[in-house]
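Written below as structure tokens is the structure these notes are about.
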């Protein structure tokens with residue numbers, strides 16, 4: 001991947017984390033204030049692990065020439 005492909009703004013990342021949290025795929029592990037700003041730490045949930053494993057398996061199948 002190139003840097004341009006992976007670069008995101010803070011708003012994009014926050015929106016993605018909010019959606020993943022709402023969908024139950026990640027959870028806020030802890031929050032702390034650092035230099036006056038709130039910092040959140042996230043952890044993948046059990047459902048997130050299952051969904052990730054399914055997505056990885058589907059991608060591997062596609063790469064191997066199968067369908068998913």
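Please give the residues of region 29-68, grouped as numeric ranges, whose backbone N is less than 17 Å from a label point set 7 Å along the Cα-to-Cβ vector of residue 13.
29-44
For region 3-63, what is one quarter of the convex hull surface built on the Cα atoms, given in nm²?
5.7
Bear in mind that the values in this text are calculations on the coordinates, not laboratory data. This is a predicted model, so every value here is computed, not measured. Glycine gets a Cβ as well: all are built from the backbone with ideal geometry, and neighbour counts include every protein chain shown.
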